[in-house]
Every structure is written in C-alpha cells, then in structure tokens.
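Structure record follows, encoded as structure tokens.
Readers should treat all values here as calculations from the given coordinates under stated rules, not as data from a laboratory. Quick caveat, the model's predicted, so the values are computed rather than measured. Cβ atoms come from the backbone with ideal geometry, glycine included; neighbour counts cover every protein chain shown.
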Amino acid sequence: MLNQSRARSIDLDNPFAPLTGLCELVLVRHGEQALSKELSAGETVDPPLSDLGERQVQAVAQRLATSRVDAVYSSPLRRALRTGTEIADRHGLVPVVRDDLTEYEPWQKFPADRSPFDALPHDEIATIFREHIRTRRYDAFPYAEDGAEFRARVLGQIAAIVDAHPGERVVVTCHGGVINAVLADALGSGLDMPVRVHHTSISVVRGADTRRAVQSVNDFSHVLDFQTSVGAMNL
C-alpha cells in the first residue's frame, strides 16, 4: 500500500500528471447482453453477448489497443469476461477474475426458475422500474440483493486493485451497477445509479490510498460509427 502522506500529496485531479504513485482505473461496461423477457430470474444473471454486444466489444478493444494497459480485471459473468478477454488479448494479458465485480442482482430473492416478467403482474413490473428510474436507487426492487452489501463488496475490490497497482493503468470490465458504485463513491453521491452507463462505455477514475478522482464518465464514442440508438437491453 502507498504511504498515506505520499498519497495525499498526489494531485489526482490533474489528468496530465504521471501515474507515479497512483492507479488509473479504466472502467469498461460489458457489451450488450442477449436478454429476453422469457428468461427465468436465474438465467438473466449470466447471459452471453448479443450480436450488437460482440460488435461493441471489438470496437472498445480496438480503441484501447494503442493505450497503455498494465492489467485487466473482470467480473466472472460471461458478458464482462468476454469483453475483458478481448481487451486483454490486444496487450498480451489475461484477465484477472474477481467475484466481487459481479453485477447487482435486482431479482436475487425471486425464484430462480421463474421469470418475474411472467409471474408478476405487468403493472407491478412497470411500477418497480418507474420507481427505480425516478429515485435512481436499488430499494425500488423488492426482490433485490442488499444495496449496502453490494456497494461494500464492489468498493472493497476496487480498493484492493488500487493498492495492488500503484503507477499502473488497469482496465476493469464489469457492469453498470459496479461502475455506478465507484462513481457515486468518488463523487460523494447518495444515488445508487447516478449515471446511465452505456454498453462498452469507458469511465476513468484515478486512485491513491483511499482517495478517488473521476477523470471521465460514460465515453462511448467508439460505437457511434455503427450504433444509432440504445440497445434493446441497455439496462
């Protein structure tokens, strides 16, 4: 771990400062997943990428191919690991998989063999999502993973990565909820989802010891040549 007095002297807010003594996190959301309302609650946890998602992954990997990347970490879920593997391959790296980077589970306590979209009344589903969008908080989901526990596991893993990679640039391929947890913590936001994070978008956060500084958020310019609207499942 970096000496705390040394960490406090580092100017995290200066995007032109060298990486000496700090870790630059490049947070990449996975490509679009292949989801449908027919899937059970259990099946929605780990779907593969859609065709559009594969194209998005190629685009973000190509964009990062000429950038310095010292390590790649990934959620174990297929859509994130596929994204991380494609990026890592361009740098001769292998993704380091960490379970604590998995996505928030809004249907964790719902029967895994049933689809909530079939089992629950349409009006109830619509109300749940409207409330989530309105409040940008997870407690709108009555069957969800505990939000505080989710944030604690994500931020603990991010802290471990920052501590392990001083002076390095680390790509983390993960999920919208994970990225929002990091951004909300760095910005001091009380919201669970302050940003609608698009598929394969890039957000950059610099860290030293316990301090974090956001450098950029939700940059998806690499998909604009072929994508003209949000994907069907950009949730």
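Against the longest alpha carbon principal axis of the chain, how many degrees, from 0 to 90 and to the nearest 10, is the axis of helix 176-187 turned?
Roughly 50 degrees, rounded to the nearest 10.
Using a 10 Å cut-off around each Cβ, can you sort T173, T102 from fewest to most neighbouring Cβ atoms?
T102, T173
Taking the number of other C-beta atoms within 10 Å as the exposure measure, put I10, I87 in order starting with the fewest.
If I rank by nearby Cβ atoms, fewest first, I get I10, I87.
Please give the peptides 214-226, 61-73 ranked by average Cβ packing (other Cβ atoms within 10 Å per residue), highest first, as a rough proxy for protection.
Answer by packing, highest mean first, reads 61-73, 214-226.
Under the rule of at least 5 residues apart or a separate chain, name every residue whose amide H is placed under 5 Å from the amide H of T200.
Residues meeting the criterion, in which the H sits 1.01 Å from N, are R29, H30, G31.
If one takes the longest principal axis of the Cα atoms in the chain, at what angle in degrees, from 0 to 90 and to the nearest 10, does the Cα axis of helix 147-164 lie?
Result, in degrees: 30.
State the extension gain, in nm to one decimal, for the chain segment bounded by R130 and K109, taking 0.36 nm per residue of separation less the distance between their alpha-carbons.
Once the chain is fully extended between R130 and K109, it gains 5.6 nm.
Given the C-alpha centroids of the stretch 68-129 and the stretch 145-167, what is the distance between them in whole angstrom?
Distance between centres, Cα-based: 16 Å.
So for each of 126-134, 187-195 I average, over its residues, the number of other beta carbons within 10 Å; can you give me the resulting order with the highest mean first?
Sorting 126-134, 187-195 by mean packing, highest first, produces 187-195, 126-134.
Cut-off is 10 Å between beta-carbons; in what order do S75, S229 appear when sorted fewest neighbours first?
Listing S75, S229 from fewest to most nearby Cβ atoms yields S229, S75.
Please report the relative contact order for the stretch 93-235, taking Cα pairs under 8 Å with a sequence separation of at least 6, and give it as a percent rounded to a whole number.
It rounds to 21 percent for the stretch 93-235.
Net charge around Q227, counting only other residues with Cβ within less than 10 Å of its Cβ (Lys, Arg = +1; Asp, Glu = -1)?
That sum, taken over residues with Cβ under 10 Å, equals -1.
Which cross-chain or sequence-distant (5 or more) residues have an amide H under 5 Å from the amide H of V172, H modelled 1.01 Å from N in plane?
Counting only residues 5 or more places away or on other chains, the set is V26, L27, V28, Y73.
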